[in-house]
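Below is one structure; the comments refer to it alone.
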Amino acid sequence: MIDIDPVDTHPMETRLLEQFVAVASEGSVTRAAERLWAAQSTVSAGIASLERTLGVRLFDRTGRRLVLTTAGEDLLPHARSVLDSLDRMRDLATVDDADLRGRVRLGIFTSMDVVDLTGVLRRFRQRHPLVAVELMTSPTGTTGLVQDLVAGRLDLAYTALPTVPPGLVVEPLREMPFRVFTAADHPLARRRSVSLAELAGEPFVDTAHGFGNRTILDTALDRLGIRRRVVAEMNDMPAVVRFASAGLGVGVVPDAGVRHDGAVLELEDAVEPLRIGLAMRADPEPNRATRTLARDVVAARVP
């Protein structure tokens, strides 16, 4: 068992609590440092300093992951409460929206325009120059974004999941129907519509597991008892359309209006459209900067 140093009686700094919460969420000093835009050595030293101040060990190492000790689990909700209270105090002390400051972490899709986000962010920065907006993506698509939002790694996130975890509120942004994309010389290219059953023997191009459109289509295929062969998985839907148009396989994805050289057919089966929304946590209440950016994004949706 490792002993810790005698209790440090110096005043506790807020940044130490931020580091503690980040490491607890990430299970890693490396990822916590990336989240906080800090050096790993700074975060490690901060955790050690907080442990000296409190006189308890906060983490144990299990393999390559840091896990909370019993004391750490007991103290984590209080650390989060302190940080939430400080954010709330800053909000209440800000009289004018022009004085908004802080950071908003927004999770977006890799290469699909949901709203005119560049325009939204340009205007937001002009009105609120003291707020830093960080854009983040996830290799597992909307599932990863929602997980990051629940874990506190994001403040806002696009979501296209049919359902989201409790505690999240979602404002609708855009709805897109599923269509079938093929190469221009594909045997089905001259058809106006096609069923999933007719496509069962075709090679498919699709997004990776975890993307909202993949979840919706897999559910529809399972309901119909159809098994398919996916020959290529992409990390964004526009790439699926491009590769399907090039003849690598058929693509059954929401029609996002991506330009392509292939054919597009209507889908005869009843498949729920992809409904994209902007999600944020309901509790604790997001700070004013987050709420303001959320309003701007929602206001930019196409009627």
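Take residue 246 and decide whether it is surrounded by fewer than 16 Cβ atoms within 10 Å (Cβ to Cβ) and among the hydrophobic types (A, V, I, L, M, F, W, C). Spell out the reasoning first.
Details: surrounded by fewer than 16 Cβ atoms within 10 Å (Cβ to Cβ): yes; among the hydrophobic types (A, V, I, L, M, F, W, C): yes.
When the stated conditions are applied, residue 246 passes them.
The condition (being at pLDDT below 90 and under 22 Å from residue 134 (Cα atoms)) is satisfied by just one residue among 42, 14, 62: 14. Listed by position, the helices (runs of 4 or more DSSP H) contained in segment 19-126 that have at least 3 residues being out of contact with any helix residue (DSSP H, G or I) (no Cβ under 6 Å at 6 or more places or on another chain) and among the small types (Gly, Ala, Ser) are 40-54, 70-93. Filtering segment 210-228 for residues that are of a type outside the set (Val, Ile, Thr), free of Cβ contacts under 8 Å to residues at least 24 places away in the same chain and in a loop (DSSP other than H, G, I, E, B) leaves a non-empty set.
Output yes when any residue across segment 187-207 is without any contact (Cβ under 8 Å) to a residue 60 or more places away in the chain, of a type outside the set (Ser, Thr, Tyr) and closer than 15 Å to residue 112 by Cβ, and no when none is. Yes. Of the residues making up segment 21-70, those that are of a type in the set (Gly, Ala, Ser) and in contact with a strand residue (DSSP E or B) (Cβ under 7 Å, 6 or more places away or on another chain) are 24, 27, 28. Across segment 245-264, not a single residue is classified as under 23 Å from the mean Cα position of the chain (by Cα) and basic (Lys, Arg). Only one of the numbered conditions (1) surrounded by fewer than 19 Cβ atoms within 10 Å (Cβ to Cβ); (2) touching a residue at least 12 places away in the same chain (Cβ under 8 Å) is violated by residue 236, and that is (1). The lone criterion from (1) out of contact with any Lys or Arg (no Cβ under 9 Å at 6 or more places or on another chain); (2) not assigned by TED's automatic domain parsing to the domain that holds residue 160 left unmet by residue 124 is number (2).
Considering (1) closer than 28 Å to residue 90 by Cβ; (2) assigned to a helix (DSSP H, G or I), the lone condition that residue 280 does not fulfil carries the number (2).
No other residue among 211, 178 is at pLDDT 95 or above, among the aromatic types (Phe, Trp, Tyr), within 30 Å of residue 138 (Cα to Cα) and crowded, with 19+ Cβ neighbours inside 10 Å apart from 178. When the criteria are applied in full, residue 171 fails the requirement of being touching a Leu at 6+ places or on another chain (Cβ under 9 Å) and either surrounded by 19 or more Cβ atoms within 10 Å (Cβ to Cβ) or modelled with pLDDT under 95 (or both).
Against the conditions (1) more than 30 Å from residue 81 (Cβ to Cβ); (2) crowded, with 16+ Cβ neighbours inside 10 Å, residue 287 satisfies every one except (1).
The values are calculated or read from the model by the stated rules, or taken from the named source; none is laboratory data. Since the structure is predicted, the reported quantities are computational estimates derived from the model, not experimental observations. Note that each Cβ is placed from the backbone with ideal geometry, even for glycine, and that neighbours are counted across all protein chains shown.
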